[in-house]
Amino acid sequence: MKVNFRNFIFATLAAGIFSLGLTQVASADGHEIKYRKGVMKAIGGTMGSLAAVLKQQAPKEHAVPLALTMRNLASIAPDIFPASSDFGETAALPKIWEKPADFKKAVDAFMLAASILPDAAAAGGEDYKVAFMALGKSCKGCHESFRKKKEN
């Protein structure tokens, strides 16, 4: 069984930071984007680790702690796009700040999907798969509408 330890480490570090209460939004001194990228990297790493569990490439016992990490990270997602972070080296589209109600809907969908994940992970099987797919759909929905397309 092959485990992607880099993703696991990112997820573990993110959970540790959250549990220490250090997830306050960075001050308006230009660090907002760096902070956001760090949180998004933790979300991506956790997502990759959750996928590894689903594919049986990582221990199924890791599903619940990873799902809890994702839920915690999702709870801070609304705070990582402050108005003062709509500039600089970022993949975030201006639409985030131009259409805040639309963005809020996308973030709320992510938070809802992440809130359901821990119970589904504990149940395992098809429940976990369905919840994971819903989480992926919420991520995709936000990325398609509010993130610049990645260049190949």
Which of the numbered conditions does residue 88 fail, given that it passes all the others? Conditions: (1) part of a loop (DSSP other than H, G, I, E, B); (2) in contact with a Leu (Cβ under 7 Å, 6 or more places away or on another chain); (3) among the small types (Gly, Ala, Ser). (2)
Being among the hydrophobic types (A, V, I, L, M, F, W, C) and surrounded by fewer than 20 Cβ atoms within 10 Å (Cβ to Cβ) is the filter here; which residues of region 56-80 pass it? 64, 68, 76, 77
Pick from 148, 140: which is without any contact (Cβ under 8 Å) to a residue 40 or more places away in the chain and basic (Lys, Arg)? 140
Considering residues of region 120-142 that are within 29 Å of residue 96 (Cβ to Cβ) and charged (D, E, K, R) only, the residue surrounded by the fewest Cβ atoms within 10 Å (Cβ to Cβ): 140
Considering only region 98-110, I want to know if a residue exists there that is among the small types (Gly, Ala, Ser) and under 17 Å from residue 42 (Cβ atoms). no
Residues of region 90-104 classified as touching a residue at least 40 places away in the same chain (Cβ under 8 Å) and surrounded by fewer than 16 Cβ atoms within 10 Å (Cβ to Cβ), total: 3
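Determine which member of the set 53, 107 is touching a Pro at 6+ places or on another chain (Cβ under 6 Å) and either modelled with pLDDT of 95 or more or exposed (fewer than 14 other Cβ atoms within 10 Å of the Cβ) (or both).
On inspection, the qualifying residue turns out to be 107.
The values are calculated or read from the model by the stated rules, or taken from the named source; none is laboratory data. Note that the structure is a prediction, hence the values are computed from the model and not measured. Neighbour counts run over all protein chains shown; Cβ positions are idealised from the backbone, glycine included.
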